Amino acid sequence: MSIPTVMQRAVTGRAAVRKRHNVGAVIAKKASRLLLLVLVALGSVVFVTPFAWMVSSSVKSTEEVMRFPPVWIPSVIHLEHYIEPWHRLPFSLYYRNTLIVVAFNLVGTILSSSIVAYGFARLRFRGRNLLFLILLSTMMLPSQVTLVPTYYLFAKLGWVNSLKPLIIPVYFGSAFNIFLLRQFMMTVPLELDDAAKIDGCGFFSIYWRIIMPLAKAALGVIAIFQFTYDWNDFFNPLIYINSPHNFTIALGLRTLQSTLLYTPMQQVMAMTLVAMTPVLLVFILAQRYFIQGIVITGVKG
Amino acid sequence: MTEAVGRLQPVPVRKRGLSQRAREEIAGYLCIMPWMLGFLVFTAGAMLFSLGLVFFKTDLLTGFHFVGFGNITKMVADPLFQKSLVVTSYYSFVTVPISLAIGLTIALALNQGLPAQGFWRTLYYLPSVTSGIAVSMLWMYVFHPDVGLLNETLRLVGIQGPRWLSSEKWAVPAFIIMGLWGSGGSILLNLAGLQSIPTHLFEAAKIDGAGTWRQFWNITVPMLSPTIFFNLIMGIIGSFQVFTQALVMTQGGPNNATLTIMLYLYRKGFQQLQFGYSSAIAWALFCIILALTLLVFRSSAVWVYYEGEVRR
């Protein structure tokens with residue numbers, strides 16, 4: 001932008017011609033930007049409409065759900081659709097189970113991924129680069145190949161039908177989180193470690209007292225990713241949990257919708273919305289961290 | 001220690017008989033131990049075991065019967081497996097390119113310095129945050145032939161919409177539409193990529209008389225190609241594993257029109273307890289994804305441009 005402007009000013013002889021030309025260009029530019037804004041707004045409507053429809057459907061009467069043309073704002077707001085499902089199914093239990101998994105996994109992923117990342121980022125040992133390359137390649141590995149043996153192992157340990165298979169693996173660190181934290185820890189100046197060493201710190205106190213406090217932002221990022229993952233996870237609970245008292249919210253939602261219960265659409269929409277809300281809220285409130293995390297990992301990838 | 005003080009040459013500080021270097025090495029291995037153990041058990045060990053299972057007939061409970069290549073020959077001839085390959089490829093090859101194009105278009109539009117950029121970005125990204133079961137539940141009703149959002153909207157403009165999920169022809173397109181709803185997932189990465197393109201490149205091109213279109217193809221696309229490459233790989237891996245929609249919304253129906261590879265694997269293993277056969281399907285899926293990924297990697301030498309890389 002700046003170079004052409006400077007050149008324009010330099011060529012004073014043509015200034016008048018340029019100026020007349022510029023008025024047209026400015027108008028054209030303004031118009032095209034307005035058009036772009038309208039298009040962006042219209043596109044976002046397409047993306048948001050299913051959410052809005054879900055909200056609207058969740059408070060409609062049965063008659064209004066069926067009505068055509070569709071009613072967007074129901075004449076009477078039926079909030080009972082948000083209460084009735086809790087009598088049909090033990091949703092508080094499902095939420096409790098989900099929260100247990102989330103809480104254990106947040107602690108697990110923060111501790112295990114950070115210590116592994118610290119090893120890869122700050123300590124020198126033989127085979128480090130090769131091992132890190134292996135770690136990266138496991139990120140590409142689709143999990144279905146390891147699914148049956150992992151199931152077999154957990155079945156042998158007697159963990160199937162408990163929350164353990166959803167929690168314990170997280171304590172071995174996840175490749176993605178390790179990668180993200182390692183990229184971040186690489187940016188912390190090594191002089192800090194040297195200074196701490198002179199002050200008599202060992203490697204573990206450097207990790208705990210220097211690197212961890214500095215990595216708070218990156219730890220926040222992985223905490224959000226882990227939370228979103230566990231909250232949305234449907235596949236693992238489906239594989240490992242059979243008895244309803246251990247169901248997470250993902251399995252609870254599916255049960256609500258199952259044909260045996262004949263749940264009205266409004267109730268399914270209401271409970272789906274309730275189940276989505278924590279993740280949506282976390283994303284909206286912590287967007288900065290989301291973006292940071294995606295940028296740390298993505299651009300390098 | 002007192003001896004060392006008297007000398008001119010510094011002596012490595014020794015604690016408990018180990019050099020600083022050796023201590024660092026041990027600490028390093030200790031730090032990565034959790035991942036190493038997890039890798040040996042849950043990845044390397046599990047993969048070997050899984051590979052072994054391909055040659056057995058087993059329900060994991062009553063024993064393992066060696067069948068040699070039996071599972072593989074059965075799979076190759078299995079019409080349902082072939083069907084699942086077709087269904088999954090159809091879904092993937094349509095969804096991934098369109099999704100990339102949408103993600104790129106939105107990012108380009110948002111990068112023009114529009115007012116409230118963050119707000120629009122949030123709206124486009126929102127669907128990608130809510131994956132899994134909740135999205136499937138929502139779209140099941142969106143696709144409802146009579147009271148669903150999609151057909152009601154189509155009826156407003158005078159089109160009688162298809163019966164989507166209960167139609168053999170329209171069930172996969174329904175999945176594709178639903179998949180495209182999440183294509184905002186790549187915009188954060190695309191935006192970051194766009195913003196990292198040095199502006200002097202565009203300025204230089206403008207001076208040389210390059211129009212908007214030329215600038216897009218000769219600067220934006222090459223500079224953004226590593227990001228596009230990354231999204232492409234992730235898109236292929238993700239779309240070939242499509243599962244939740246198929247299980248929750250259609251149970252693979254109607255007439256197996258939405259039987260994806262993952263759903264077939266799940267059915268054979270966890271519903272019919274044929275874990276050997278299910279492992280064979282898992283390895284087939286793995287090989288397909290690996291082959292496609294390698295293909296994209298090989299092709300990347302031609303179309304992905306890395307700043308600072310010397311061309312061979």
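The values are calculated or read from the model by the stated rules, or taken from the named source; none is laboratory data. Everything numeric here is computed off the predicted structure, so don't read it as measured data. Here Cβ is always computed from backbone atoms with ideal geometry, including for glycine, and neighbour counts include all displayed protein chains.
Being within 30 Å of residue B:245 (Cβ to Cβ) and assigned by TED's automatic domain parsing to the domain that holds residue B:103 is the requirement here; does residue B:192 meet it? Even if it seems obvious, please write down each step before you answer.
Working: within 30 Å of residue B:245 (Cβ to Cβ): yes; assigned by TED's automatic domain parsing to the domain that holds residue B:103: yes.
Yes, satisfied.
Of the numbered conditions (1) within 14 Å of residue B:38 (Cα to Cα); (2) more than 8 Å from every other protein chain (Cβ to nearest Cβ); (3) among the β-branched types (Val, Ile, Thr), residue A:134 satisfies every one except a single condition; which is it?
Here residue A:134 clears every test but (2).
Identify, please: which residue in the stretch B:141-181 is of a type in the set (A, V, I, L, M), under 27 Å from the mean Cα position of the chain (by Cα) and away from every other protein chain (no Cβ under 11 Å) and is, among those, farthest from residue B:253 (Cα to Cα)?
Checking each candidate, the answer is B:176.
Considering (1) among the polar types (S, T, N, Q); (2) surrounded by 17 or more Cβ atoms within 10 Å (Cβ to Cβ); (3) free of Cβ contacts under 8 Å to residues at least 40 places away in the same chain, say which one residue B:212 fails and leave the rest.
Among (1) among the polar types (S, T, N, Q); (2) surrounded by 17 or more Cβ atoms within 10 Å (Cβ to Cβ); (3) free of Cβ contacts under 8 Å to residues at least 40 places away in the same chain, residue B:212 violates only (2).
Could you pull out every one of the helices (runs of 4 or more DSSP H) wholly within the stretch A:201-293 that has 3 or more residues that are touching a residue at least 60 places away in the same chain (Cβ under 8 Å) and in the same structural domain as residue A:106 (by TED's automatic domain parsing)? Outline the logic, then answer.
Numbers: elements: A:203-206, A:216-232, A:235-240, A:249-257, A:265-285.
In the stretch A:201-293, the matching helices (runs of 4 or more DSSP H) lie at A:216-232, A:235-240, A:249-257, A:265-285.
Among the residues of the stretch A:157-212, which ones are surrounded by fewer than 18 Cβ atoms within 10 Å (Cβ to Cβ), within 30 Å of residue A:95 (Cα to Cα) and small (Gly, Ala, Ser)?
A:158, A:162
Residue A:274 is checked against (1) within 20 Å of the chain's Cα centre (by Cα); (2) within 21 Å of residue B:246 (Cβ to Cβ); (3) not basic (Lys, Arg) and fails just one. What number does that condition carry?
Unmet condition: (2).
Go through (1) surrounded by fewer than 18 Cβ atoms within 10 Å (Cβ to Cβ); (2) touching a Pro at 6+ places or on another chain (Cβ under 6 Å) one by one and return the number of the condition residue A:280 breaks.
Residue A:280 satisfies all of (1) surrounded by fewer than 18 Cβ atoms within 10 Å (Cβ to Cβ); (2) touching a Pro at 6+ places or on another chain (Cβ under 6 Å) except (2).
If you scan the stretch B:182-238, which residues turn out to be more than 9 Å from every other protein chain (Cβ to nearest Cβ) and touching a Pro at 6+ places or on another chain (Cβ under 7 Å)?
Across the stretch B:182-238, the qualifying residue is only B:182.
Under 30 Å from residue B:145 (Cβ atoms), surrounded by fewer than 22 Cβ atoms within 10 Å (Cβ to Cβ) and more than 23 Å from the chain's Cα centre (by Cα), is that true of residue B:271?
Values: under 30 Å from residue B:145 (Cβ atoms): yes; surrounded by fewer than 22 Cβ atoms within 10 Å (Cβ to Cβ): yes; more than 23 Å from the chain's Cα centre (by Cα): yes.
Spelling it out, residue B:271 is indeed under 30 Å from residue B:145 (Cβ atoms), surrounded by fewer than 22 Cβ atoms within 10 Å (Cβ to Cβ) and more than 23 Å from the chain's Cα centre (by Cα).
Enumerate the helices (runs of 4 or more DSSP H) found wholly within the stretch A:19-136, keeping only those where 1 or more residues are among the β-branched types (Val, Ile, Thr). Break it down into steps so the answer makes sense when it comes.
Values: elements: A:62-66, A:84-88, A:91-122.
The qualifying helices (runs of 4 or more DSSP H) are A:62-66, A:91-122.
Kindly state which helices (runs of 4 or more DSSP H) lie completely within the stretch B:209-312 and contain at least 2 residues that are at pLDDT 90 or above and of a type in the set (S, T, N, Q). Explain how you work it out, then say what you get.
Values: elements: B:212-215, B:221-240, B:261-266, B:275-303.
The helices (runs of 4 or more DSSP H) meeting that bar are B:275-303.
Looking at the stretch A:111-154, which of the residues that are in contact (Cβ under 8 Å) with a residue 24 or more places away in the chain and under 30 Å from residue B:273 (Cβ atoms) is surrounded by the most Cβ atoms within 10 Å (Cβ to Cβ)?
Start the filter on the stretch A:111-154 by keeping residues that are in contact (Cβ under 8 Å) with a residue 24 or more places away in the chain, which leaves A:111-118, A:120-123, A:132, A:135-136, A:138-139, A:147, A:151, A:154.
From what is left, the residues that are under 30 Å from residue B:273 (Cβ atoms) are A:138, A:147, A:151, A:154.
Working: A:138: 20, A:147: 24, A:151: 19, A:154: 19.
Looking at the filtered set, the residue picked out is A:147.
Residue A:230 - would you say it is closer than 18 Å to residue A:104 by Cα and acidic (Asp, Glu)? Before the answer, list the steps.
Details: closer than 18 Å to residue A:104 by Cα: yes; acidic (Asp, Glu): yes.
Spelling it out, residue A:230 is indeed closer than 18 Å to residue A:104 by Cα and acidic (Asp, Glu).
State yes or no: is residue A:76 within 11 Å of another protein chain (Cβ to nearest Cβ) and either crowded, with 20+ Cβ neighbours inside 10 Å or not acidic (Asp, Glu) (or both)? Walk me through it before giving the result.
Working: within 11 Å of another protein chain (Cβ to nearest Cβ): no; either crowded, with 20+ Cβ neighbours inside 10 Å or not acidic (Asp, Glu) (or both): yes.
Spelling it out, it is not the case that residue A:76 is within 11 Å of another protein chain (Cβ to nearest Cβ) and either crowded, with 20+ Cβ neighbours inside 10 Å or not acidic (Asp, Glu) (or both).
Output yes when any residue across the stretch A:187-195 is under 16 Å from residue B:34 (Cβ atoms) and touching a helix residue (DSSP H, G or I) at 6+ places or on another chain (Cβ under 6 Å), and no when none is. Steps first, please.
Step one: list which residues in the stretch A:187-195 are under 16 Å from residue B:34 (Cβ atoms), which gives none.
Within the stretch A:187-195, not a single residue is under 16 Å from residue B:34 (Cβ atoms) and touching a helix residue (DSSP H, G or I) at 6+ places or on another chain (Cβ under 6 Å).
Please verify whether the stretch A:215-232 includes one or more residues that are out of contact with any Pro (no Cβ under 8 Å at 6 or more places or on another chain) and over 30 Å from residue A:287 (Cβ atoms).
no
Among what's in the stretch B:254-265 and is out of contact with any Gly (no Cβ under 8 Å at 6 or more places or on another chain) and within 13 Å of chain A (Cβ to nearest Cβ), pick the residue that is nearest to residue B:281 (Cα to Cα). Break it down into steps so the answer makes sense when it comes.
Step one: of the stretch B:254-265, the residues out of contact with any Gly (no Cβ under 8 Å at 6 or more places or on another chain) are B:254-257, B:261-262, B:265.
Restricting the remaining residues to those that are within 13 Å of chain A (Cβ to nearest Cβ) gives B:261-262, B:265.
Working: B:261: 8, B:262: 8, B:265: 6 Å.
My answer is B:265.
Taking the stretch A:229-287 as the region of interest, how many residues are closer than 24 Å to residue B:267 by Cβ and of a type in the set (D, E, K, R)?
Going through the stretch A:229-287 one residue at a time, the tally reaches 2.
Those residues that are without any contact (Cβ under 8 Å) to a residue 12 or more places away in the chain and of a type in the set (Val, Ile, Thr), I need them from the stretch B:254-304; list them, please.
B:302
Please list, ordered by first then second residue, the pairs with beta carbon atoms under 6 Å, 6 or more apart or interchain, first in the stretch B:92-109 and farther than 13 Å from residue B:192 by Cα, second buried (at least 17 other Cβ atoms within 10 Å of the Cβ) and among the polar types (S, T, N, Q).
Every condition considered, the pairs that remain are B:92/B:239; B:95/B:239; B:96/B:239; B:99/B:183; B:100/B:231; B:102/B:183.
Scan A:96, A:67 and give me the residue that is farther than 21 Å from residue A:223 by Cα and either in contact with a Cys (Cβ under 8 Å, 6 or more places away or on another chain) or surrounded by fewer than 18 Cβ atoms within 10 Å (Cβ to Cβ) (or both). Spell out the reasoning first.
Numbers: A:96 fails: farther than 21 Å from residue A:223 by Cα.
Result of the check over A:96, A:67: A:67.
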